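Below is one structure, written out as structure tokens; the observations come after it.
The values are calculated or read from the model by the stated rules, or taken from the named source; none is laboratory data. Just so you know, these numbers come straight off a predicted model, no measurement behind them. Accessible surface is based on the protein model in full, side chains and every heavy atom, while ligands, DNA and RNA are left aside. Shrake-Rupley method; radii C 1.70, N 1.55, O 1.52, S 1.80 Å.
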Amino acid sequence: MTKRILLAEDNLMSQKLALLGLKNYHVDVAKDGEEAVELFRNNAYDVILMDIQMPKMTGVEATREIRQIEVLENRTPRTVILALTADVFSSVTDECTEAGMNGFFPKPFRPAEMSGLIEEMYTRYTHTTAPE
């Protein structure tokens, strides 16, 4: 089954680059955090690639809203949310993790590497092991 991806990215060039690497997935694109939350509210996604710095609502704020929706609507399993960022300072990564992001998708990214990284992250954050 093809994974459904939400790409939340305000930069048109970054959108086009990402879409090249996501051609084997069903992808919806949000141009800002508010649109990402609205699309999430009305759709189910396997993975969200969330730019950190977007207009109207940042990626961190959007992630917090999405996690609240998951709790209120009892959505399980939780959607894998990966931060799209070139900023890997601990203050940024801590804020992203605290907001509920699962991991980081580094910018700049190479389209050819996107599918492998998405599959790896999806497996890592959705795989549950049986108790020993």
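Summary of values
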| quantity | calculated |
| --- | --- |
| Cα-based reach from LYS16 at 13 Å (exclusive), listing aspartates and glutamates while leaving out same-chain residues under 8 positions away | ASP28 |
| The chain, accessible surface, carbon-and-sulfur percent (1.4 angstrom probe) | 53 |
| Taking N as its residue count, the alpha carbon Rg of the stretch 1-129 over 2.2 N^0.38 Å | 0.95 |
| Mean ellipticity per residue at 222 nm, deg cm²/dmol - from DSSP H runs of n ≥ 4 across the chain, formula -39500 (n - 2.57) | -14000 deg cm²/dmol |
| Geometric extent, Cα atoms of the stretch 36-88 - Rg, Dmax (angstrom) | 10.9, 32 |
